[in-house]
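All of the numbers you see were taken from the coordinates with simple rules; none came from a lab. Model, not experiment: these values are computed from the prediction. Quick reminder, even Gly has a Cβ in these numbers, built from the backbone with ideal geometry, and neighbours come from all protein chains shown.
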Amino acid sequence: MRIIAAHIYGYGKLADRTFNFKEGLNLVLGKNESGKSTLMSFIKAMLYGHKKNEREKDGFIPEVKKYKPWNSDKYGGYLILETDEKKILRVERDFNGKTLSVYNEYGEDITNEFSFSKENEMLGQDLLGMDYECFTNSSFICQDKSLLYAEDKEHIAQKLMNINESGEEQISVGKAVKKLKEGITLLGNERTKGRKYNILSAQIREEEIKLTNMQNENKKCMEYLAEAEEIKKELEELEKEEKLCRKSETFKRVNENIEEYEGYNNEIEPLKKKLSDTDIDAYEKRRKEFDTVSGEYKEPEKAYEKFVKEEKRNNTKITAFSILAILIIITGAVLAITTDKLLLLSALAAIPFIVLLLITRKKNKETVNEKEKLDDIIKTKNELEQIETVLGNDKSFNDLIKGYTGLQEDILRKEDVSDYNALLEKADIYNPEGKEPSMDYEECLNRIQTKKVRLGVVKAQLDAYMNSDEQIASQKEHILLLEEQKKAVGEKQKALQCAIDGIEEASKQIREEIIPEMNKNMSEYLEKITAGKHDNLSTGSTMDLNTEHNKTIRSVYSFSDGTLRQMYLAFRLAAAKVFSSECVTPVFMDETLVYYDEERKKSTFDFLYELSRHNQILFFATDMENFLLEGKDIAVIQLSK
Amino acid sequence: MVLTFFHMADIHLDQPFSSLGLVEGFPAKRREEIFHEFMRVLETAREEQPAFLFIAGDLYEHGYTNIKRISKINEAFSKLKGNILLISGNHDPESKNSFYSHFPWSENVHVLGRNKPNVIFEKEKVCVYGIGYDTGGGQAKILETIRTDRKYKNVLLLHGDVDLSLSTYNAVSSDMLKDIGFDYVALGHNHRMYIKDNIFNPGSLCALSFKEEGAHGYFKGDLSTGEVEFVNSKSRKYIDLKMDYEKLADFESMYPDKRNIYRIKVTGTKSDNKPLAIPEGYDYVQLTDARTAKKEKKAQEITRGIKGRFTDIMTSKMENIPSEEIKIYEDALKLGLQALSDEDLDLE
């Protein structure tokens, strides 16, 4: 491919300018700041576009920004090109709208025929057969600041080494691989500390401990449930035992009470037998009658005694009167018989005594009646007193019976039964029928109490679990996410290793395919550039760049800066040839000979002129010595400020 | 006598959903949804009052369910008029310490298993056998000892596989079940709904993973008439799709239900490195970028520098590796190019 013309609508300081180029060597001359670099950048941007995603940092300005037109709204232009197949193309770009259009000589839009152009505007890739990296590393030889300082041999040598490894001067395979390996190390492994792998591992361990604790708590909860169930069963058993204890004790107590009850019966029965059958009503009637009768006698015994004495006295009187009367009568009779009958009359003297006797007898009869009446009263009184004694005894017995009965009633009340039979029935009800409690009541109650306390504790624990909102599954998910992250670290390391393998494989391919060709071309070009002083620029497995000089292999480091620069140019041109493969690539050079001595300039420029028969060369320079131009057909394009 | 029943299985309450971790909080949300769906079925049972509720194992996840959840379930059980028959599954196995063994279940709940292989409901003339799963393995051997009595309707609750001889989960044959003479076999374990003769497997009540795309729900029926119908649950569906990138724009019109859980494997050609745009408004959409990188011109046609060669090597490797490793190689390509450009490596 060659460039026929470049028209700039607006690009950096250049606006509305047309540059025509010929086949062969084109010399673009211009003072500093005249726009040489701008034109080079324009051509590069027309072919490959601006590098995407470049960010402004540390004083670096992305090209798309750097070349924004100063005096024009239009940002872009067009190139007229001739392809290797001799077809004329017009390539138009608008850097504002980021559009690329390719037209054929009939003005038809044929952009879609170029696959790289269609997708990522990499027209150069279609036309030159080189990707952007290759282009900038080979045929596009711009002013490299590092080359302005000739002492920086190391830098140039490094670029040559990079080419050896990667085919590209800016790329160091060793550095890239080292970086990737560092990435693997940085992510860490089981033997490292504090790295992402280790942090995640530690987090997983920590979270797994939490998970285990949560699951253990859940197990404990189930154990508490089991314990609660067990305690409830035990309590049921103990409560049965307690019932049996109570039954047994009640049975024992009821039996004791029955015995006591019956003991009172044994006391009551003889007492009942001792009770008289006195008719209290009859007694009370008699007593009432007696009290009425005896009311006038306060002390009947004394009255009786008085009557007895009176009777006695009366009887004495009667006896005395009788005796006296008899004695008078007898005396009268005796006198009458003995003395004078008339004296019988003297017996009449007995009459007063007889009268007295009769009076006394009558009086005594009354006394005797009174005495008899009193005797009856006294007898009745005594009888009543006897009855009262019996009644008094009965009362005592009854009181005792009542006492015993009261005790029996206490027993019935205590056992909460109505009568003796009910008490017997109760004994029957509480009969344990041979079942004996295995422990005493007190111990049973203690055990129940202990179990109930434990059940309370267990229930409290279960309540605590019941109120917990802990989500074990969420914890598990959290761990699984961390494990995913850890797996991602592993995968990242695998990816890094894959990248290393891929890069090494690519590097090997380059060494195997590109480098021999590079070596051949480099040697050929170097020989021409140095007018036969150096040749056989080559590389070996040690990655060292060497050259064969006077039949001996020498390291490029051992050469002067000037030679090193020639070697560098040889490699760039060789790279341009190798990378462009079948295509003919225009070569762009910016102040390439500025640090060369005259001899070197001449040999190099002669070589370039020879090269321009095959490749179009656009050589940008501030000026050019005449001796270099002599005898050469060169198109000179003058740039003015 | 009307002997209505509900039959469900494999509810898997409190199952972790690590595969749904893409949306923060979604796994927990999904867990609660499944619980609510289960409770909704119990509420339906409370209204319709079936005589029996059969749950054929894997009601909950043994390692993850807590007493609070079990209490709520039990409370709902206690409100049902019918009897609830439970068996253990391989996810909630019968063990020394389990909620099945020790939780104070409501009186109408009967946990069948090794200690209590069957229960007879004299009034209803129904005998229910239960063969679950315990930490020692399946309990299917008990089947050999079962002799059904024709004066009862005989029901078997089984957590296992029928006619899958290679299965280690209570594998039994349908012929054997037929010979024993069960009127209704309430199966659980397989998450896919199926019916074979009188063997009914409702599958999981709610879909639990992308492998479970079919119908999910429970059976309800009547033992006296033999009528059984399947009732779909109201839970979200899992939808696993493979879609061409070009058709991804039509996703919303093709799948308007935004509640469902989608996993879309996007196929086609990858023309740029832009991440796939997740359809908006959907509760859960997981996109897997399975697009293949656009094949670039071969090395023979264009000479490449190391980046181009490296890209070629990685791209051709991607064509010959299992799909799950493609991501690693894509990442390797990106990292390699970063390293070659001396950029910071994206190690996140």
Give, rounded to the nearest 20 debye, the magnitude of the charge dipole that the protein assembly as shown has about its Cα centre when Lys and Arg contribute +1 at Cβ and Asp and Glu contribute -1 at Cβ.
1460
Once you've got the GNM for chain B with C-alpha springs shorter than 10 Å, pick whichever of B:Gln15, B:Gln338, B:Gln139 has the biggest mean-square fluctuation.
B:Gln338
When the expected Rg is taken as 2.2 N^0.38 Å, what fraction or multiple of it is the alpha-carbon Rg of chain A?
3.05
Top of B:Phe35, B:Phe103, B:Phe77 by mean-square fluctuation, Gaussian network on chain B, Cα under 10 Å
B:Phe103
Ordering of B:285-291, A:130-136 by burial proxy (mean other Cβ atoms within 10 Å per residue, highest first):
A:130-136, B:285-291
Past 26 Å, Cα to Cα: identify those pairs from A:Lys306/A:Lys363; B:Lys141/B:Lys196; B:Lys242/B:Lys274; A:Lys341/A:Lys365, in the order given.
A:Lys341/A:Lys365
Let's test the formula: R0 of 35 Å, r as the Cβ-Cβ distance of B:Asp257 and A:Glu470. What FRET efficiency results, to the nearest 0.05?
0.55
Efficiency of FRET from Cβ geometry, A:Ser396 and A:Ala282, R₀ 22 Å, rounded to 0.05
0.55
Order by protection proxy (mean Cβ within 10 Å, highest first), peptides A:238-251, A:408-421:
A:238-251, A:408-421
Averaged across the residues of A:485-498, what count of C-beta atoms belonging to other chains lies within 10 Å of each residue's C-beta?
4
At 0.36 nm per residue, and after removing the present C-alpha to C-alpha distance, how many nm does the segment from A:Asn421 to A:Asn96 gain when stretched out fully?
104.8 nm
How many nm is it between the label spots at A:Glu105 and A:Glu388, if each spot is 7 Å from the Cα in line with the beta carbon?
17.8
Bins of 5 Å, starting at 0 and running to the largest distance - Cα pair percent for the range A:457-533
4, 11, 8, 7, 8, 7, 7, 6, 6, 5, 5, 4, 4, 4, 3, 3, 2, 2, 2, 1, 0
Sort the range A:7-70 into rounded, prolate or oblate with this rule: let a ≥ b ≥ c be the square roots of the eigenvalues of the Cα gyration tensor; rounded if a/c is under 1.5, and if a/c is not under 1.5, prolate when a/b is larger than b/c, oblate otherwise.
prolate
Can you work out the Karplus-derived ³J(HN,Hα) for every residue in the range A:394-400? Use 6.51 cos²θ - 1.76 cosθ + 1.60 with θ = phi - 60°, whole Hz, and x for glycine or proline.
4, 4, 4, 4, 4, 4, 4
To the nearest Å, what is the center-to-center distance of the range B:222-273 and the range A:437-493, using C-alpha atoms only?
39
Just name one of B:His7, B:Phe99, A:Thr278: the one whose Cα is farthest towards the positive end of the charge dipole of the protein assembly as shown (beta-carbon charges, Lys/Arg +1, Asp/Glu -1).
A:Thr278
Would you work out the relative contact order for chain A, in percent, from Cα pairs under 8 angstrom that are 6 or more residues apart?
26
Can you tell me the alpha carbon radius of gyration of the range B:238-293 divided by the globular rule-of-thumb value 2.2 N^0.38 Å?
1.07
Restricting to DSSP H runs of at least four residues, report the calculated mean residue ellipticity at 222 nm for the protein assembly as shown, -39500 (n - 2.57) per run over all residues, nearest 500 deg cm²/dmol.
-16500 deg cm²/dmol
Test item: Cα-centred dipole of the range B:238-293, Lys/Arg +1 and Asp/Glu -1 on Cβ, debye:
180
Let's test the formula: R0 of 45 Å, r as the Cβ-Cβ distance of B:Glu48 and B:Lys247. What FRET efficiency results, to the nearest 0.05?
0.55
Express in nm, to one decimal, how much length is gained between A:Val355 and A:Val594 on full extension, taking 0.36 nm for each residue of separation and deducting their alpha carbon distance.
64.3 nm
Other-chain or far-sequence residues with amide H under 5 Å of B:Gly203's (modelled H):
B:Tyr194
Just tell me how shielded B:321-328 is by partners: mean number of partner chain Cβ atoms within 10 Å of each residue's Cβ, no decimals.
2
Alpha carbon centre of the range A:2-66 versus the range B:59-105: separation in Å?
79
What is the angle, in °, between the Cα long axis of helix A:561-580 and the longest principal axis of the Cα atoms in chain A? Nearest 10 is fine, range 0 to 90.
80
Taking Cα centroids, how far is the range A:359-384 from the range A:573-641 in Å?
197
If amide H atoms are modeled at 1.01 Å from N in the peptide plane, then the residues at a separation of 5 or more from B:Ile131, or on another chain, having amide H under 5 Å from its own are B:Leu157, B:Leu158, B:His159
Of the DSSP beta bridges with both residues in the protein assembly as shown, give the percent that are antiparallel, rounding to the nearest 5.
45
Among A:Leu628, A:Leu335, A:Ile448, flag the residue with its Cα farthest along the positive direction of the charge dipole of the protein assembly as shown, charges on Cβ as +1 for Lys/Arg and -1 for Asp/Glu.
A:Leu335
Protection proxy (average C-beta count within 10 Å per residue), highest first, orders A:193-201, B:83-91 as B:83-91, A:193-201
In nm, give the distance between the simple-model label positions of A:Lys273 and B:Leu22, each being 7 Å from the Cα along the Cα-to-Cβ direction.
11.1
Defining a contact as two alpha carbons under 8 Å apart and six or more residues distant in sequence, what relative contact order in percent does the range B:4-232 show?
20
Quick query: amide H of B:Val231 versus all other amide H atoms, modeled in the peptide plane; which residues come in under 5 Å with a sequence gap of 5 or more or a different chain?
B:Tyr218, B:Phe219, B:Lys220
Separation in nanometres of the label points that stand 7 Å from Cα toward Cβ, at A:Thr185 and A:Glu262:
10.7
Full extension between A:Asn20 and A:Met439 adds, at 0.36 nm per residue less the Cα distance, a length in nm of 138.5 nm
Here the whole-number average of other chain Cβ atoms within 10 Å per Cβ of A:123-133 is 3
How fast does the range B:4-232 diffuse by Stokes-Einstein, in µm²/s, taking the Kirkwood radius from C-alpha pairs at 10 °C and 1.306 mPa s?
90
